[in-house]
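Structure first, then comments.
The values are calculated or read from the model by the stated rules, or taken from the named source; none is laboratory data. Because the structure is a prediction, the values reported are computed rather than measured. A quick note on method: Cβ atoms are made from the backbone with ideal geometry, for glycine too, and the neighbour counts reach across all protein chains shown. Each accessible area value is taken on the protein alone, full model and side chains, heavy atoms only, with ligands, DNA and RNA left out. Shrake-Rupley method; radii C 1.70, N 1.55, O 1.52, S 1.80 Å.
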Amino acid sequence: MTQIRLKNSDLFGVALYEPDIPQNTAAIIRLCACFGARLEIIEPCGFLLSDKKFKRISMDYKNKCSLKLFKNFSDFENDKKTGRIILMTTKAKNKYFDFNFKKNDTILFGRESAGVPKLVHESVDYRLLIPIQKNTRSLNIVTSVAIALSEALRQNYN
């Protein structure tokens, strides 16, 4: 495996909207640490980030991940003066592999149990779809983050 070193200003962002499942969030922390992506969590979460079990699941990767918390979507949106917010959603028509990702993009993922509300859908710059078979419901959020982030990195660090 080749290691790449990125400056903080080059980091792609992954944002989680009110995540429900601590194991998924912990796995995404690890993924972002390994891929050099910043992680932004829009609260409230369905669990405590300070919980002992969560800390154990995320291991020491939480300290290796650029992590930022936002009290709500409005605070998150106000922080995005530069860069684009790209929502990954099953309600999109455009496919992620047809999209041109740019450095400083933030790829937003909805809550595991409910996605994101209409207000968020209307506020983002782009909405993208990861196509799956018709007789299936959805991918796990960790898998979706890995797919979208890998494509963004492939396009920009090839």
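Structure summary
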{"item": "Long-range HN-HN contacts of Leu69 with modeled amide H, under 5 Å", "result": "Ile41"}
{"item": "Kirkwood Rh (inverse of mean 1/r, distinct Cα pairs), the range 45-158, angstrom", "result": "15.8 Å"}
{"item": "Theoretical gain in end-to-end length, Lys93 to Ser66 [0.36 nm per residue, Cα-Cα removed]", "result": "6.6 nm"}
{"item": "Amide H partners (placed H, <5 Å) of Ala15, local residues excluded", "result": "Glu40, Ile107, Leu108, Phe109"}
{"item": "Per residue convex hull volume, Cα atoms of the range 10-93, in Å³", "result": "109 Å³"}
{"item": "Full-extension gain in nm, Ser113 to Lys55, via 0.36 nm per residue minus C-alpha separation", "result": "18.7 nm"}
{"item": "Length-normalised contact order of the chain in % [C-alpha pairs under 8 Å, at least 6 apart]", "result": "28 percent"}
{"item": "Summed residue charge, Cβ within 13 Å of Pro44's Cβ, Lys/Arg positive, Asp/Glu negative", "result": "-2"}
{"item": "Portion, in percent, of the accessible area of the range 54-131 that falls on carbon or sulfur, probe 1.4 Å", "result": "46 percent"}
{"item": "Gain upon complete extension [Leu48, Thr136; 0.36 nm per residue less C-alpha separation]", "result": "28.6 nm"}
{"item": "Arg84 versus Cys34: modelled label distance in nm, points set 7 Å from Cα along the beta carbon direction", "result": "2.8 nm"}
{"item": "Surrounding net charge for Gly115, when Lys and Arg each add one and Asp and Glu each subtract one, Cβ distance under 13 Å", "result": "+2"}
{"item": "Residue among Leu49, Leu39, Leu16 with the largest mean-square fluctuation in a Gaussian network model of the chain, springs linking Cα atoms under 10 Å", "result": "Leu49"}
{"item": "Greater than 32 Å apart at Cα, pairs in Lys62/Lys102; Lys71/Lys103; Lys102/Lys134; Lys52/Lys91; Lys55/Lys95", "result": "Lys52/Lys91; Lys55/Lys95"}
{"item": "Cα-projected label distance for Glu77 with Arg154, points at 7 Å along beta-carbon direction, nm", "result": "3.2 nm"}
{"item": "In Hz, Karplus ³J(HN,Hα) per residue of the range 122-130 (6.51, -1.76, 1.60; θ = phi - 60°; x = Gly, Pro)", "result": "7, 8, 7, 7, 9, 10, 10, 10, 9"}
{"item": "Per residue solvent-accessible surface (Å²) - the chain, probe of 1.4 Å", "result": "59 Å²"}
